[in-house]
1. With contacts defined as alpha carbon pairs under 8 Å and 6 or more residues apart, what's the relative contact order of the range 129-191 in percent?
2. Inverting the mean 1/r over all pairs of different Cα atoms, compute the Kirkwood radius of the range 197-243 and quote it in Å.
3. Taking neighbour counts of Cβ atoms within 10 Å as a proxy for exposure, in what order, fewest first, do Trp270, Trp62 appear?
4. Once phi is turned into ³J(HN,Hα) by the Karplus curve 6.51 cos²θ - 1.76 cosθ + 1.60 with θ = phi - 60°, what whole-Hz value does each residue of the range 213-219 show in order, with x for glycine and proline?
5. In Å and whole numbers, how far do the C-alpha atoms of the range 140-198 stretch along each principal axis, longest first?
6. Multiply the residue gap between Val120 and Arg200 by 0.36 nm, knock off their C-alpha separation, and tell me the result in nm, one decimal place.
7. If you line up the Cα atoms of the range 117-241 on their principal axes, what length do they span on each, largest first, in Å?
8. Arrange Lys202, Lys240 by Cβ neighbour counts within 10 Å, fewest through most, would you?
Amino acid sequence: MSTLFLRSSSVNIRFGVFVVLSIMVMFVDHNQGHLKIIRSALSTLVYPLQYIVNLPVEAAEWVSVSLATHNNLLEENDRLKRDHLLLNSKLQRYEILESENQRLRNLLESSFRLNDRVLVAELVAVELQSFRRQIVINKGQREGAYDGQPIVDAAGIMGQVIHVGPFSSTVLLITDPNHALPVQVNRNGLRAIAVGTGQRNKLLLENLTNNADIRVGDLIISSGLGQRFPSGYPVGQIEKVTRDPGEVFAKVLIKPSALLSQSREVLMVWPYKNINETKSTTGNETIGDKIE
């Protein structure tokens, strides 16, 4: 019992001494600041331990922030992709509308060159059989279309109507082998016949002798003979002239002015003599076996 009492007294004494010493150290440090150097040194020694202890917490916070930032970036990237796709689709639509408006403006300008009544029609189908060059437009009997009616685009003559339905019409293009068109050389008025070859962008100029005054680059226009197509409207441009001494006639190839493979809008023309007619009363005029 006495031993236990002595141990307890010794602990209390030591605790009291430590308390007194601590109070004295705090008092001295507060009033005189002699322990700042020691405290600074201890802080320097303890800092690595504090850093190591806080490292897992900071790492967890960094990972959390990084994941949140990554997710935000992914969401932002997805949003930007959607916006980009939407803007691209709108831009393409605007470009399509701009192209369509330009085509219509060109048609309007070309209509001013014609003194006849005209009506805009749209292409709805293309004949895909070999050597046949035909299209279908969305105007028919309701609009007064008739067999033999001229069809042009903003650049030149395209062809003529060969069949009229209630709501649509079939057009024979000038490149069809069954089509022939009276033309003349714009430079000198030399007359000839432009016939289709069945090729997409080729016409053949017939009835021109080897010594005819024709040149590559000459503009070929409609002559108006036959009173079907408007006179003076572009047909094409001479692309190649072949003169064979053993032949009477030169072989002359023309590239059509009309955009036969590109035009979506065309002009139906009612020549002055047919303005009050709803259909041709005399049928198709022919030159040989070809339709003019």
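What follows is calculated from the coordinates using simple rules that are stated; it is not laboratory data. The shown structure was predicted, so the numbers you read here are calculated from the model rather than taken from an experiment. Positions of Cβ are backbone-derived with ideal geometry, glycine not excepted, and every protein chain shown enters the neighbour counts.
1. Numbers: 109 pairs, mean separation 20.2, N = 63.
Relative contact order for the range 129-191 comes out at 32 percent.
2. 12.1 Å
3. With the sparsest Cβ surroundings first, the list reads Trp62, Trp270.
4. Residue by residue, the range 213-219 yields 7, 10, 9, 4, x, 4, 7 Hz.
5. Largest to smallest, the principal-axis extents are 42, 22, 16 Å.
6. Length gained between Val120 and Arg200: 26.5 nm.
7. 49, 33, 21
8. Values: Lys202 16, Lys240 11.
If I rank by nearby Cβ atoms, fewest first, I get Lys240, Lys202.
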